[in-house]
Amino acid sequence: MTREKLPLPRNITSASGSLSDHGADRRHLLATGLAGGMASLLLPSHFSPLSAQEETPTLSFFRIGTGPSAETLYSLGTAISAGISRPPGSSPCDEGGICGVPGLIAVAQTRAGSIPNIRDIRDGVLESALVHADMAYWAFTGGGPFADETSVPDLRVIADLIPVSLHIVVRADSGIDSIRDLKGRTVSFGARGAGTATIVNTLLRLNGLNLQDVKPLYLRPGPAADHLITGVIDAFFEMGAAPIDAIRELQQEEAIKLLTVDGAAQQTLKGFFPFLSAGEIPKDTYHKIDTVSTVKLGVKWVVKEKMDFGLIESITRALWQSSTADLFNHNNPGLTFPTVEQGRPKGLVPVHPGAQAYYDTVHSS
């Protein structure tokens, strides 16, 4: 039976990036905001929460950088943008309308990954973004990929969201049964700028390989799945919340298997990357594939500290009190949006003061 999609709130139209990836049509249905030039408008430098008595709230735009349209981060961003948006003319939440921030239209925008997302926040191209926890930390501290460029010491967190797991995908008949078997093969390391390649390079070394032992490409999940089918590549790495649409749709055309990351490699990787943890992709997450041992890390919704206190407090409240979780859960079977307690930010990157103000009210209630 075809799953009926939850409709978006009235008065919100769609905006998205590239639709070339697998799963793009479904992702596109969830996107929010206004198309074309409206998506590029900057949020006013000052925002004040509006009282219930104000009939015509000021229209504001808030961009959320996500991932490629076939990745879970894009679906997550579109659900969030729908949940926190409340265009002028919408019915108040207590009258059965939209439970978002009055006058706000949030727009989910596709990006290649965490690194370009953070750069765009740093450079004022985005107001916020969903990024992997390790890249948020490196950007904040000026390490890792950000050691040779401007760091973002004023990066702040709104919420911790669903974890993502490392997938290593090969054809079932490829003869590749372990990471060591990738020697001499053509392999996608994920989209350039996603940050996955840093982990993959270390994982290869832990299995006796180096970059010269494989033929690396840098592909988004949809094109990687296409190239696996046609034989252009032999394997691809992808960091995403399981199940990843591109991989499920790949199974409709090609028998596949997922390679494991063994316990010793998991522990060593955690030493190099403190935000990684041991994890599993449960049995039957993907059709007829048993439980797979791997590593995972968190996803953080980040902004710069200068973002208006009242705006971020209102956005954080709308994130947890609106329809965001229902939209995401309904349209992403197998995944679950976190609770507010699970989403309360943890880690070494500070929380935005506006978000902290909301969490303090939750803690005291």
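Would you mind putting 254-262, 127-135 in packing order, based on average other-beta-carbon counts within 10 Å, highest first?
Ranking, from highest mean packing down: 127-135, 254-262.
Over segment 164-298, what is the percentage of antiparallel beta bridges among all DSSP beta bridges, to the nearest 5?
75
Taking the Cα centre of segment 243-365 as origin, sum charge times position over the Cβ atoms of Lys and Arg (+1) and Asp and Glu (-1), and report the length of that vector in debye to the nearest 20.
340
Could you compute the FRET efficiency for Asp177 and Thr268, with r as their C-beta to C-beta distance and R0 at 35 Å, rounded to 0.05?
That gives a FRET efficiency of 0.95.
Would you please classify the overall shape of segment 116-188 from the alpha carbon gyration tensor, given that a ≥ b ≥ c denote the square roots of the eigenvalues, rounded means a/c under 1.5, and beyond that prolate means a/b larger than b/c while oblate covers the rest?
Since a/c reaches 1.5 and a/b is larger than b/c, the shape of segment 116-188 is classed as prolate.
What does the charge count near Leu206 come to, summing +1 for each Lys or Arg and -1 for each Asp or Glu among other residues with Cβ under 11 Å from its Cβ?
Result for the local shell: +1.
List every residue whose amide H lies under 5 Å from the amide H of Arg111, counting only residues 5 or more places away in sequence or on a different chain, with H placed 1.01 Å from N in the peptide plane.
Here the answer is Thr66, Gly67, since their amide H atoms fall under 5 Å of that of Arg111.
Taking amide H atoms as placed 1.01 Å from N in the peptide plane, list the residues 5 or more away in sequence, or in a different chain, whose amide H sits under 5 Å from that of Val101.
Here the answer is Ser85, Arg86, since their amide H atoms fall under 5 Å of that of Val101.
Can you list the residues, at least 5 places off or on another chain, whose amide H is less than 5 Å from the amide H of Ala242, using H built in the peptide plane?
Ser165
Taking R0 as 35 Å, what's the FRET efficiency between Thr150 and Lys346 from their Cβ-Cβ distance, rounded to 0.05?
Efficiency, rounded to the nearest 0.05: 0.85.
Around Arg111, with a cut-off of 12 angstrom between Cβ atoms, what is the net charge of the other residues, counting Lys and Arg +1 and Asp and Glu -1?
+2
Go through segment 165-178 residue by residue and turn each phi into a ³J(HN,Hα) via Karplus (6.51, -1.76, 1.60, θ = phi - 60°); whole Hz please, and just put x for glycine and proline.
Here the 3J(HN,Hα) series is 10, 7, 10, 10, 10, 9, 5, 4, 9, 6, x, 9, 10, 8 Hz.
What are the ³J(HN,Hα) couplings of segment 261-274, residue after residue, when phi is run through the Karplus curve with 6.51, -1.76, 1.60 and θ = phi - 60°? Round to Hz, x for glycine and proline.
Each residue of segment 261-274 in turn: 10, 6, x, 5, 5, 4, 5, 5, 4, 4, x, 6, 10, x Hz.
Here, each number is a calculation from the coordinates, and none is a lab measurement. Model, not experiment: these values are computed from the prediction. So basically every Cβ, Gly included, is an ideal-geometry build from the backbone, and we count neighbours across all protein chains shown.
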